[in-house]
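Worksheet: the structure to be examined is printed underneath.
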Amino acid sequence: MPGDFAIGIHDLSVATTQYVLTHDTLAAHNGTDAAKYHRGIGQRSMSVAAADEDIVTMAATAAAPLVARHGGDRIRTIVFATETSVDQAKAAGIHVHSLLGLPSATRVVELKQACYGGTAGLQFAVGLVHRDPSQQVLVIASDVSKYELDSPGEATQGAAAVAMLVGAEPALVRIEDPSGMFTADIMDFWRPNYRTTALVDGHESISAYLQAVEGVWKDYAERDGRTLDEFSAFCYHQPFTKMAHKAHRHLLRHCGYDADEGEIARAVGRTTAYNAEVGNSYTASMYLGLAALLDHADDLTGQTVGFLSYGSGSVAEFFAGTVVPGYRAHLRSAAHRDAIGRRQDIDYAKYREIHEYSFPADGKDHPVPRETTGPYRLAGLSGHKRIYEPR
Ligand code: CAA
């Protein structure tokens, strides 16, 4: 543990979208056996952003309860991780900073490395708090995952934000040293600046992920990390929930253990409840897994959770976190279940209309229809500027 005080996640809050498309609806449209989605990839539905929602509105919705509970005075830094940025220059976190009325004496920055960015944000935050434990860092991971219509990746879309307050003597999870790291130059999934949908070599991306699992574990073990049997659960990046099972099976076999399916389900099964309903939320996905674990598991006090964060391209990191006594009093389980449960079911035609829409790039005024019932909305585009407002 860095220094003589613990550092970690003090509070965590999840937000997602107004709309949801079920995999039954998608399957009925494209003639796929719904079992492929439900059992094959482990997905039930995907969050779909309304016209007036995006990574900023989800991020502000996730972060607002943290600021309401703890105040914003100790937040000196906002790190916003995303791979579906709304601007090539301005950090999306500045819009969140403004919507939440945080003090001007704050540094705000955006991070990108595919789905890994949220973990980079968390680790950078740990470093900042180590330097000055009186400060807190607001780490936000927010993404809208979008693939081509009728592509294999389409069934793995989704959208969500997770906001985490990182500080000294955290109330939820202490983050430990060491980390195991891995980087490899692989084109498994990417999105050139001129595209709104991601490109992916689906099966190659699964192999790349599994290669990274081996890589991070090798580095973690060489740095005298914990042994596998010291962990009571594992939070993996979940592009689809079955990927967590695949990854853990691979890790067990790699380490010479029997890959018993019951054991795999015990290790990762409690982390998948939210991701199965929300879909891939890229940077937020692993932390949505943590939220599900904390919200659904029996008492985890003192237990150690393994985190495996993967971002295509590729960068991965493995680290441990230990659940803090009394954590249950600080959870937001009811709000998380409500955010997922209150989404409005849409039919295929509405989903397709949203998927195909893109803002005109003419710099004129383009107000956005009122659709979200969340606390913040994208009001429109004017002079090429995005305008956000409380609803
Ligand atoms: N009933 C039950 N199961 C069925 C079934 C049926 N009728 N039909 C197929 N299945 C099973 C298959 O056996 C397979 O399971 P296994 O992998 O355990 O064998 C599973 O359903 C998927 O079937 P396919 O492999 O045939 O599916 P696909 O070729 O259409 O594509 C995919 C699957 C590659 C994951 C695709 O959805 C995709 O490209 N997704 C986007 C990329 C992605 O998520 N990659 C993950 C690693 S990269 C990463 O993690 C970063 C990131 O966030 C993108």
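The values are calculated or read from the model by the stated rules, or taken from the named source; none is laboratory data. The model shown is predicted, which means the values in this text are computed figures rather than measured ones. Positions of Cβ are generated from backbone atoms using ideal geometry, with glycine treated the same way; all protein chains shown enter the neighbour counts. Accessible surface is based on the protein model in full, side chains and every heavy atom, while ligands, DNA and RNA are left aside. Shrake-Rupley method; radii C 1.70, N 1.55, O 1.52, S 1.80 Å.
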Would you confirm, using the coordinates I've provided, whether residue 226 is away from the ligand (no atom under 16 Å from the Cβ), of a type in the set (Lys, Arg), under 30 Å from residue 329 (Cβ atoms) and part of a helix (DSSP H, G or I)?
no
Among (1) more than 16 Å from the ligand (Cβ to nearest atom); (2) not in a helix (DSSP H, G or I), there is one condition residue 142 misses while meeting the rest; what is its number?
(1)
In region 340-360, which residues are part of a loop (DSSP other than H, G, I, E, B), closer than 15 Å to residue 148 by Cα and of a type in the set (Phe, Trp, Tyr)?
357
Do we find a residue being within 15 Å of the ligand (Cβ to nearest atom), farther than 30 Å from residue 299 by Cβ, open to solvent by less than 40 Å² (accessible area, probe 1.4 Å) and among the hydroxyl-bearing types (Ser, Thr, Tyr) anywhere in region 198-213?
yes
Cβ-Cβ distance below 9 Å, separation of 6 or more or different chains: which pairs start in region 235-253 with a residue that is on the phi < 0 side of the Ramachandran plot and among the hydroxyl-bearing types (Ser, Thr, Tyr) and end on one that is outside any helix (DSSP H, G or I) and away from the ligand (no atom under 12 Å from the Cβ)?
236/306; 236/307; 241/272
Only one residue in 247, 259, 265 is assigned to a helix (DSSP H, G or I), more than 19 Å from residue 45 (Cβ to Cβ), open to solvent by 10 Å² or more (accessible area, probe 1.4 Å) and within 15 Å of the ligand (Cβ to nearest atom), so which one is that?
265
What is the number of the single condition among (1) outside the structural domain of residue 281 (by TED's automatic domain parsing); (2) away from the ligand (no atom under 12 Å from the Cβ) that residue 147 does not meet?
(2)
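Within region 1-55, take every residue that is acidic (Asp, Glu) and over 21 Å from the mean Cα position of the chain (by Cα) and give me the one that is farthest from the ligand (Cβ to nearest atom). So that I can check it myself, show each step before the final result.
Residues of region 1-55 acidic (Asp, Glu): 4, 11, 24, 33, 52-54.
Pick out the ones that are also over 21 Å from the mean Cα position of the chain (by Cα) and you get 4, 24, 33.
Numbers: 4: 37, 24: 14, 33: 4 Å.
Step by step, filter region 1-55, then rank; the result is 4.
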Members of region 167-191 that are within 21 Å of the chain's Cα centre (by Cα), within 30 Å of residue 149 (Cβ to Cβ) and open to solvent by less than 80 Å² (accessible area, probe 1.4 Å):
188, 189
Screening 267, 276 for residues that are over 16 Å from residue 119 (Cβ atoms), in contact with a Ser or Thr (Cβ under 6 Å, 6 or more places away or on another chain), hydrophobic (A, V, I, L, M, F, W, C) and outside the structural domain of residue 142 (by TED's automatic domain parsing) leaves only 276
May I ask you to verify whether residue 322 is more than 23 Å from residue 86 (Cβ to Cβ), surrounded by 13 or more Cβ atoms within 10 Å (Cβ to Cβ) and assigned by TED's automatic domain parsing to the domain that holds residue 182?
yes
